[in-house]
Amino acid sequence: MAKSYGDLKTDWAQLGADTLLEREPQINVKGKWEYEDGLTLNGLYTIYQQTHQQEYLAYIKANLDEFISSDGQIKGYNFDEFNLDHVNNGKAVLDLWAETGELKYRLAADLLFQQLLAQPRLNDGTFWHKGIYPSQCWLDGLYMGSVFYARYLDLFGEQPSDSAYIHPVFGQVAAGTFKDCQVQFLNAYQNTLDQESGLCYHVYDEARQQPWANPQTGRSPHFWLRSIGWFVMAMVDVLEFLPADELTVQIKQNLTDLLTALARYRCQKTGLWFQIVDEADRPMNYLESSGSLMITAAIAKALRMDYIDSVIFTPIRDQAWQNAIEQFISIKTNGHVIGEPVQWVNVNKICQMAGLGGNFPGRDGSFAYYVETPIVANDHKGYGPFLLLSAEMRLLS
């Protein structure tokens, strides 16, 4: 089957959505509650909001209903793991609550919210990424847990709990409040920020006990592209739900500063980003799709929402989008229906996985580790951002 390529005139959002429905009628054939599926369903829901094609909403509902029972319990979800990744699908659950008003979706969202109230924390109040990663803040976690956190509060109101902590800058902060959600973002930025480059490291270990942690700063050794992609998408998304106060203003400024730093580290030829962001010329480093698509999607949405300077960032968005199509996206003809070719879109050059530490050998945060991890196609960690970005660019066509 010969491959072909599209161009800027292609309706990538609809082609990507249709491909997902045809290629993956069941979004998770393993029957696992996995965060990247929620990311992809969020992208599909964004396209549904534009097209109003009911089969897209039906797909989201059918796939989440495989996991959510009538009493709001979630198959494959373990509260006691305190895994922020398992909260991410809650955003798709809230989409269905908004669309249908069905009680089971509210109950499932309540369950995930209760996890956040009980989530173990660093001394400054930042959520641990997972129970198995003690005293660690991962940039990924802001997308996984704290965007859902803010949207839940926006829908159902603040629910201050008896659990509170004293932040060294912001004073007493109660769980179940917007302030707690804001602090998650502000802490993560400060704990991972490199002042010289303006970039953020992948993980911060408050205890300085992990083999990969800098003993002085607690930070991991490298700027991993996708972790920063998760973070900038999270900051853009959360701003929709936060109160208009000085903490939110600071989050918006942090977003601008991080995107400005990322702009300095783009590939000069394509405007895209490398797996290890600041080492473009190092052998084995490569342009990686999931993180590049995430950052471009964040820029595109931030421009639409008027969070960032359009003069500076519009050409960055446009160059990255055009070259992302050329570098990462292919179209494959997959049989025929009544004589018409069926075209499927493929998202290529996706880093499959790059976590740190835990009970997994070799996850040492080194340059070699990040560039040796498998590169795959159509993994939802890349396909979801492609749907989100193509939906944003569709609004401009």
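Things worth noting here:
- Cα lying deepest toward the dipole's positive end in segment 206-331, options GLY229, ALA324, ALA302, charges on Cβ: ALA324
- Classified by the C-alpha gyration tensor, segment 213-279 has an oblate form. Its axis ratio a/c, with a ≥ b ≥ c, is 1.5 or above, and a/b does not exceed b/c.
- Equivalent-ellipsoid semi-axes of segment 289-397, from the Cα gyration tensor, Å, largest first: 27, 24, 11
- Rough spin-label spacing in nm, given labels placed 7 Å along Cα→Cβ, for LEU117 and ILE312: 4.0
- Mean residue ellipticity (222 nm) of the chain, computed from DSSP H runs ≥ 4 via -39,500 (n - 2.57), nearest 500: -15000 deg cm²/dmol
- Annotation: Cα Rg of the chain relative to the compact-globule expectation 2.2 N^0.38 Å equals 0.94.
- Counted residue by residue at 0.36 nm each, then reduced by the alpha carbon distance between them, the extension gain from GLU66 to ALA280 reaches 72.8 nm.
- Oblate is the label for segment 121-273. Its Cα gyration tensor axes, ordered a ≥ b ≥ c, give a/c of at least 1.5 and b/c at or above a/b.
- Positive end of the dipole of the chain (Cβ unit charges, origin at the Cα centre): among ALA118, PRO134, ASN348, the Cα lying farthest that way belongs to ASN348.
- Gain in span if fully extended, GLU196 to ARG23, counting 0.36 nm per residue against the direct Cα distance: 57.8 nm
- Inter-label distance, ALA98 to SER397: 2.3 nm, where each label sits 7 Å from its Cα along the C-beta direction.
- Only Lys, Arg, Asp and Glu carry charge here, each on its Cβ (+1 for the first two, -1 for the last two); on that basis the chain has a dipole of about 600 debye about its Cα centre.
- Longest to shortest principal axis, alpha-carbon extents of segment 28-174, angstrom: 49, 32, 28
All of the numbers you see were taken from the coordinates with simple rules; none came from a lab. Note that the coordinates shown come from a computational prediction; the quantities given were computed from them, not determined experimentally. Cβ atoms come from the backbone with ideal geometry, glycine included; neighbour counts cover every protein chain shown.
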